[in-house]
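Taking it in order: structure first as structure tokens, then the write-up.
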6 protein chains.
Amino acid sequence: MSLKASIRDKLKAVSTATICTALYKRGFRNQMIQDVQPLDASKPTMVGEAFTLRYIPAREDLNPISVFQDRTHPQRRAVEECPPGAVFVIDSRKDARAASAGSILVTRLQVRGVAGIVTDGGFRDAVEIAKLDIPSFHSRPSAPTNLTRHQAIDINVPIGCGDAPVFPGDVIVGDADGCVVIPAHLTEEIADEAVEMTAYEDFVTEKVFEGRSIFGLYPATEEQSRIDFTAWRRAKGR
Amino acid sequence: MSLKASIRDKLKAVSTATICTALYKRGFRNQMIQDVQPLDASKPTMVGEAFTLRYIPAREDLNPISVFQDRTHPQRRAVEECPPGAVFVIDSRKDARAASAGSILVTRLQVRGVAGIVTDGGFRDAVEIAKLDIPSFHSRPSAPTNLTRHQAIDINVPIGCGDAPVFPGDVIVGDADGCVVIPAHLTEEIADEAVEMTAYEDFVTEKVFEGRSIFGLYPATEEQSRIDFTAWRRAKGR
Amino acid sequence: MSLKASIRDKLKAVSTATICTALYKRGFRNQMIQDVQPLDASKPTMVGEAFTLRYIPAREDLNPISVFQDRTHPQRRAVEECPPGAVFVIDSRKDARAASAGSILVTRLQVRGVAGIVTDGGFRDAVEIAKLDIPSFHSRPSAPTNLTRHQAIDINVPIGCGDAPVFPGDVIVGDADGCVVIPAHLTEEIADEAVEMTAYEDFVTEKVFEGRSIFGLYPATEEQSRIDFTAWRRAKGR
Amino acid sequence: MSLKASIRDKLKAVSTATICTALYKRGFRNQMIQDVQPLDASKPTMVGEAFTLRYIPAREDLNPISVFQDRTHPQRRAVEECPPGAVFVIDSRKDARAASAGSILVTRLQVRGVAGIVTDGGFRDAVEIAKLDIPSFHSRPSAPTNLTRHQAIDINVPIGCGDAPVFPGDVIVGDADGCVVIPAHLTEEIADEAVEMTAYEDFVTEKVFEGRSIFGLYPATEEQSRIDFTAWRRAKGR
Amino acid sequence: MSLKASIRDKLKAVSTATICTALYKRGFRNQMIQDVQPLDASKPTMVGEAFTLRYIPAREDLNPISVFQDRTHPQRRAVEECPPGAVFVIDSRKDARAASAGSILVTRLQVRGVAGIVTDGGFRDAVEIAKLDIPSFHSRPSAPTNLTRHQAIDINVPIGCGDAPVFPGDVIVGDADGCVVIPAHLTEEIADEAVEMTAYEDFVTEKVFEGRSIFGLYPATEEQSRIDFTAWRRAKGR
Amino acid sequence: MSLKASIRDKLKAVSTATICTALYKRGFRNQMIQDVQPLDASKPTMVGEAFTLRYIPAREDLNPISVFQDRTHPQRRAVEECPPGAVFVIDSRKDARAASAGSILVTRLQVRGVAGIVTDGGFRDAVEIAKLDIPSFHSRPSAPTNLTRHQAIDINVPIGCGDAPVFPGDVIVGDADGCVVIPAHLTEEIADEAVEMTAYEDFVTEKVFEGRSIFGLYPATEEQSRIDFTAWRRAKGR
């Protein structure tokens, strides 16, 4: 994976909300993976390039429990092939009636150094997954084995996840608000802009707590806001 | 705002469930704001008169990021005009695909003494908002800027929120079960009745924990239940 | 209730995810009660035979608040008749716009020794119910009295709950992932198989944390995995 | 069935819209079977007392295709037992993913003199059913056999259908707008009032086509409207 | 209403699909009123400027049947005030459980010269409305009186309808595919462009029927396509 | 395409309902494409092998209107490459907010000899498409260009369509009830069995119209039913 450490660090320090605004300024309205939440909202921000798995509806004759005895089964193969540092993103067609994966596979991803996992369906063993170090996102817990509804069919192709387009290599950022998809070619400029925006938002938050009105301050339409911000940055070393 | 402190205190001491029953007795079946939950369920009960903001679907040409530079933008103006002690209620058409507001605006509402905030959409920066003192309610976190889907259009008009009718001045009460809308003219009688009901429910709960059957006790169809309750109230000073 | 203590203990020690897989192997795909979650995910696993209550949509003239003065009202009667050790399961037609029950009734169930309660609607007084010892599952909190939308009509008949079929006497198991329905005649064999599967899954989890690949291990297609597991069981006394 | 021919005739001559208004005046807001439409909107109005069939979600082991070889299977038995003149109402839990019934059973109902059939799911062989004389209502066509999702469990018990409560013996009226449920004890007074309302609405429609404003006319708040209506009734012999 | 007859004529001769594409080229993605269909798909195309009515959820005490005796009731007043040539657009919050209007009011609109009516809810008396000359659009038939769920609250304010933003004076065009909202200031240029596009599409359709491939033809990336089109226009006089 | 003419003819003479039952007997419960209907229910039955197109959510920067100028755009290429006799099946993720295709492309498919088209989204120019000879199925009309929500990404890969799994080469059969997917390897045996079942169902329908009870007849549990059927077949030459 080619995501530079410096970019990764920048993205870890900003919020999905800020990234969404930076994307919105460039005309992107559908990069948020809708209706997906962290299993543990207190984890650090997840950042990594998308490695994808595509499910289609399961056909009964093709999905006996014995399919997992085949090493080439796409779900199992994907878990062993997802690069360290990447985010494993599953297209479950927003169907959480069966699990997208369970704690053993997610543990394996963690051990392999994968940066996180996202499905627009649900995970089984949700409590165990929440306790792992690896950040994970889904729509709700779901105990039935994935074979009940999902057949893994493709690895690392463009997919939809939570109504957002996800291309392999796009950068996924996830925090308590959910997950956002940064188009690969924009990662660097979005990261830079988001860091700048975050500094200003932190300044604004401080001022608002001190009692200042948002008029002129948020956004900075008054000269004084810009002057104060410059002073604040200097004082804070940001 | 004209909500008397004594009424506010009574409503802070009762539950939305009890209020719903008192409203039900008077023929009201749709005063619960559906599918809305507190960002932090451990906060004290929220009480205040409704101050409303109405959103319509966003039109792309009318919602560049620059609209917030205009002080008369209805979202920003509403945040500065909402009276202390009021509850800020947003009609987001049950659409949580974009945020209804973020932590900076909610912080400003808190600093201004506003009693709480409710949307039938979602908030961005949900973790930060949850940590504020001001009670807040939404359907789920949502990172995209409100401009992505919502255009603020009207301040303090009657709205729908979570399928409930909300008129400016109605009293909103919110706890872990969600938010209920008390029609303005009924506030006092509902508050009084709910306090009485709560005393009886507390008595019943105590008796049920002691092993008594609900028959004759809940509701109080047996004379003995009423006698015991009278004694209990005296003993408890309620 | 005829559920043997030994079976109950086995089911308390396994997960709904494992049970779902055991059921899937026998051709059952719809035994998970969909979209239902524990009010407190940290409670021990709930196990018990289903005792059911069926609601239909409420008709206004039949549901004044006074109906509860009648001891034969099905909701109240069911609460007093549900056997100790059973799980109280409510068919609320997946409608959480009004409560299925509140804290007083759930407290009474707890005092009577009932093993748990499940609705595919919502509970009022959700925070109080969450604090009780009895495990409880619903789709979301809902403050309005059940009379607002639900009329209790039948006790202990076959019902649908969360799109799953529930026959009186089926065994309900509930954990953080939700609730699963084991057909009565399969309880013993499912319990036995799930215990065995759990042992292997615990072994696998340990090995995966140690760095082993899932190939050959999960499922155990390599001879070495079976040898290691035998040794592990002996060492662990399982 | 005890529905008098004169009442049946009156109800055949009025619309579900008018009946809904008459019910609304008496406090009934949920008697419309929601999201159900006629397979052939040109059929005469359907009227009859409800005879109900209740489905629960199908369990795989209980629903092999061979179950229909049993004459006591509730679906088949209900078709042979539904009284002539009644309306066959099926609670399919608003799930149209599998059929509620097909053309052979509906043909049998027609031959037996049944007045109509309604499901809140879907029918298979929808084109054939539409061509029959018997009026039929569903949400959409659905080819899979009912066993795929539905298990017939109860005959002639109170049910929910399209979010409306249906008690055996309630009178179902169906036209192009859908189906409404008249509580049994109100049938006669609703029929009488609806006939009167229909006369006035026909008069109003005629006047509106002639160019009269609805003010004062609809409703009849002006004396002149009432005078004109009296004359119109005399002229029309209604 | 200021919509020029020439513009109206142009828009009557093009399709909503073509208009959507013209809007898409200018960055508009949400101008289609979603999930709304004509009551009679064979009617001529509806064109007119939006005159809006806003509903909120009905509160029981404010909506007895007697409210219509008040001439200032917003629903009735709107019907009498909507300008000839305009399209009456109702924000029903996508809730078709109760009617947005019935045949008498729609007849009155027709007599008054109104160009059409749209709701994102449903109409009662749907068959009668379908037979009128005035084009009408809804999501599905719905018999219950509007008071059951809807309270008319505002006339001619900006609204949402079927997830599209509608400002008074925007031009609504409706055909068998549904209704699209043209922002007022773009009406003329959209009409002109759509007429041009329609000519080319008609030419393409003819050529495709004759067997030509879409490559190079649709869109016109080959010089020959443009030459043939020029000849075709001359021949057809378009 | 390898679908034999004799099999195609058999499948054209049976219904999707009968095919669903034949599939159900073999353990297939999810082969019906859910919530899809013919644009013209009077067309002959559609039969052909699936040729698929997969859409993902559209990303704004990748979907300017100019993309169609590229001959390799998957949507346009698929239309030119779909084999005569095949059915064109589109995975639109059940999202009908933008069109899956319009009349020009569908006309081109017809001219090329394609057997039909199905999407789990919607078509634009729905009236024109309905008038073509080629059978077409969607969920509802939708005017916005596909670029608004859909990006064509893959040709002839396995997809989900209306919650059913569709593999290239599976046989799609469509009639007024919708579309069913026959796994490729079962086509012949399903066709044969469905023809037999249809003969018996036609016999039963005739007998039911003559007044016979369904008991013993449907299914044929009585010897006499089988005798009569044998005679009926001989008489009818089937």
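The values are calculated or read from the model by the stated rules, or taken from the named source; none is laboratory data. None of the values given here were measured: they were computed from a predicted structure. Please note: Cβ atoms are built from the backbone with ideal geometry, for glycine as well, and neighbour counts cover all protein chains shown. With ligands, DNA and RNA removed, areas are computed over all heavy atoms of the protein, side chains included. Shrake-Rupley method; radii C 1.70, N 1.55, O 1.52, S 1.80 Å.
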Query - Summed buried accessible area for F+D [probe radius 1.4 Å, Å², rounded to 100] - result: 2700
Query raised in the report: By average Cβ neighbour count within 10 Å, what is the ranking of F:188-197, A:141-150 from highest down?
Result: A:141-150, F:188-197
Query - Estimated dipole of chain C in Debye, rounded to 20 [Cβ of Lys and Arg +1, of Asp and Glu -1, Cα centre] - result: 280
**Report entry** Per-residue ³J(HN,Hα) for the stretch B:81-92, Karplus 6.51 cos²θ - 1.76 cosθ + 1.60, θ = phi - 60°, Hz, x for Gly and Pro
**Finding:** 9, 4, x, x, x, 7, 10, 7, 10, 10, 8, 9
Report summary line: Residues whose modelled amide H sits under 5 Å from the amide H of A:A220, counting only those 5 or more places away in sequence or on another chain, are none
Report task. May I ask you to evaluate 6.51 cos²θ - 1.76 cosθ + 1.60, the Karplus curve with θ = phi - 60°, for each residue of the stretch C:219-233 and list the ³J(HN,Hα) values in order in whole Hz, giving x for glycine and proline? Result -> x, 7, 8, 9, 3, 4, 4, 5, 5, 4, 5, 4, 5, 4, 4
Report summary line: For B:K4, the aspartates and glutamates lying under 17 Å Cα to Cα, once residues fewer than eight places off in the same chain are dropped, come out as B:E49, B:D170, B:E188, B:E189, B:D192, B:E193
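Taking only DSSP H segments of four or more residues, each worth -39500 (n - 2.57), what value at 222 nm results for chain D once the sum is divided by all its residues, to the nearest 500 deg cm²/dmol?
Result for chain D: -10000 deg cm²/dmol, rounded to the nearest 500.
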Query raised in the report: Once amide H atoms are placed 1.01 Å from N in the peptide plane, what residues at a sequence separation of 5 or more from F:F215, or on another chain, have their amide H within under 5 Å of its amide H?
Result: none
Report task. State, to one decimal in nm, how far the label point of C:A41 lies from the label point of C:I155, with both points 7 Å from Cα in the Cβ direction. Result -> 3.6
Report task. Provide the percentage of antiparallel DSSP beta bridges, counting only those with both residues in chain A; round to the nearest 5. Result -> 60
Query raised in the report: Residue by residue, what Karplus-based ³J(HN,Hα) values in Hz, rounded to whole numbers, does the stretch A:58-70 have, using 6.51, -1.76 and 1.60 with θ = phi - 60° and x for Gly and Pro?
Result: 6, 9, 4, 6, 9, 10, x, 4, 6, 4, 6, 6, 8
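Sort C:211-224, B:169-182, C:8-21 by packing, meaning the average of other beta carbons within 10 Å per residue, with the highest value first. It would help to have the intermediate numbers written out before the result.
On the way: C:211-224: 15.4, B:169-182: 26.8, C:8-21: 22.9.
Put in order of decreasing packing, that is B:169-182, C:8-21, C:211-224.
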Report task. Step through the table entries D:K25/E:K43; B:K25/B:K131; E:K25/F:K94; D:K25/D:K207; A:K94/D:K131; C:K94/F:K25, compare each Cα-Cα distance with 28 Å, and write down the pairs that go over it. Result -> D:K25/E:K43; B:K25/B:K131; A:K94/D:K131; C:K94/F:K25
**Report entry** Beta bridges by DSSP in the protein assembly as shown, antiparallel share as percent, to the nearest 5
**Finding:** 60
Query raised in the report: Over the stretch A:1-127, what is the relative contact order in whole percent, taking alpha-carbon pairs under 8 Å and six or more residues apart?
Result: 27
Requested in this report: Report, as an integer, the average count of C-beta atoms from other chains found within 10 Å of each Cβ along B:158-166.
Outcome: 5
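Using a 10 Å cut-off on Cβ atoms, rank the peptides B:109-117, E:120-128 from the highest mean neighbour count down. Can you show the working numbers first?
Working: B:109-117: 22.0, E:120-128: 26.4.
Result, highest mean Cβ count within 10 Å first: E:120-128, B:109-117.
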Query raised in the report: Over all residues in E:52-59, what is the mean tally of Cβ atoms on other chains that come within 10 Å of each residue's Cβ?
Result: 6
Query raised in the report: Taking amide H positions as placed 1.01 Å from N in the peptide plane, with prolines and chain starts having none, which residues 5 or more places from B:T52, or on another chain, fall under 5 Å of its amide H?
Result: B:V89, B:N156, B:V157
Report task. Please report how far the C-alpha centroid of the stretch C:161-178 lies from that of the stretch E:25-71, rounded to the nearest whole angstrom. Result -> 43
Query raised in the report: Using the Cα gyration tensor of the protein assembly as shown, with a ≥ b ≥ c the square roots of its eigenvalues, what is the shape: rounded (a/c below 1.5), prolate (a/b larger than b/c) or oblate (neither)?
Result: rounded
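Going from the alpha-carbon gyration tensor of the stretch E:53-141, what semi-axes, largest first and in whole Å, does one get by taking the root of 5 times each eigenvalue? Show your work: numbers first, answer last.
On the way: eigenvalues 80, 50, 27 Å².
Equivalent ellipsoid of the stretch E:53-141: 20, 16, 12 Å, largest first.
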Query raised in the report: Relative contact order for the stretch A:119-238: what is it in percent, counting Cα pairs under 8 Å that are at least 6 residues apart?
Result: 13
Query raised in the report: For the Cα atoms of chain A, what angle does the longest principal axis make with the long axis of helix A:187-209, in degrees from 0 to 90, nearest 10?
Result: 50
Query raised in the report: Which percentage, to the nearest 5, of the DSSP beta bridges contained in the stretch E:80-210 is antiparallel?
Result: 50
Query - Cβ-derived FRET efficiency at R0 45 Å, F:D192 paired with C:F215, nearest 0.05 - result: 0.60
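Can you give the mean number of other chain Cβ atoms that lie within 10 Å of the Cβ atoms in peptide A:136-143? Write out the running numbers ahead of the final one.
On the way: counts 0, 0, 0, 1, 7, 10, 8, 17.
Per residue, the number of nearby Cβ atoms from other chains is 5 on average.
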Query raised in the report: Relative to the longest principal Cα axis of chain F, at what angle does helix F:16-25 sit, 0 to 90 degrees, rounded to 10?
Result: 70
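What is the local net charge at C:Y218, summed over the other residues whose Cβ is closer than 10 Å to its Cβ (Lys, Arg +1; Asp, Glu -1)?
+3
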